[in-house]
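Remarks on the structure that follows.
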Amino acid sequence: MALLPILRYPDPRLYKKAAPIERVDEAVRRLAADMAETMYAAPGIGLAATQVDVHIQLVVIDASEDRSHLLTLINPRILSAEGEQLGEEGCLSVPGIFDKVPRFAKVRVEALDTNGCRIELDAESMLAVCIQHEIDHLQGKVFVDYLSRLKQTRIRLKMAKQARVTA
Ligand code: GNR
Ligand code: NI
């Protein structure tokens, strides 16, 4: 197991589109395990492969209270969605920034699990938000992209200042 470095907004690699996974093999399972370790250590409730600079359709999520419900979704796709919710979002690639993003209230999702078996799941509230946030990452979209240009500019400035302090 290993902790993986997480790309920071506005790294251009966060804007790459992830390719579908054709075969769920040991390499995919190893990456998923490392991503889970990285997510729990952060700590975060989700992590997309895009954020660790691997551009394949793989995400890990644990939106449970006790951090004991790890979900690994491969090639996730929203089958249907309903309603709206507006919640505060954050992102491990944009540390320290939180803002409201409109999302579907409920989603039905299909994906492959780590055995390559097709699964379907219904999600609402925080889990539904997280799934939509992670699928966005795979499509090269960061939650900041939904905010006003003014906010985006301020966030870029703040990230540049942070990078100077951390460097
Ligand atoms: O840890 C995370 N928390 C979070 C809170 C509200 C909405 C979405 C998220 S996902 C985020 C982890 C992350 O950046 N996943 O890509
Ligand atoms: Ni994120």
In the range 86-161, the GluC sites (Glu not before Pro) that fall in loop regions by DSSP, at most 12 other Cβ within 10 Å: none
Burial ordering of Asp99, Asp25, Asp136, fewest other beta-carbon atoms within 10 Å first: Asp25, Asp99, Asp136
Debye equation applied to the C-alpha atoms of the range 114-165, log10 I(q)/I(0) at 0.16, 0.21 Å⁻¹: -0.69, -0.90
Three-way shape call for the range 1-57 based on the alpha-carbon gyration tensor, with the a/c threshold at 1.5: oblate
The range 79-167 pair-distance distribution - Cα-Cα, 10 Å bins, rounded %: 15, 40, 28, 14, 3
Three-way shape label, the chain, alpha-carbon gyration tensor, a/c 1.5: oblate
Of Ala41, Ala63, Ala18, the one that fluctuates the most in a GNM where the chain has Cα springs shorter than 10 Å: Ala41
Exposed trypsin sites (Lys or Arg not before Pro) absent - longest run of the chain, DSSP non-H/G/I/E/B, at most 12 other C-beta within 10 Å: 68-167
Percent RCO, i.e. relative contact order, over the chain, from Cα pairs under 8 Å lying at least 6 residues apart: 23 percent
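When a/c reaches 1.5 or more, the comparison of a/b and b/c decides; with that in mind, is the range 34-130 rounded, prolate or oblate per its Cα gyration tensor?
oblate
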Euclidean distance of C-alpha centroids, the range 6-61 and the range 102-167, integer Å: 12 Å
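We did not get these values from a lab; they are worked out from the coordinates using the rules stated. Note that the coordinates shown come from a computational prediction; the quantities given were computed from them, not determined experimentally. When we count neighbours, we look across all protein chains shown, and the Cβ atoms used for this are built from the backbone with ideal geometry, even at glycine.
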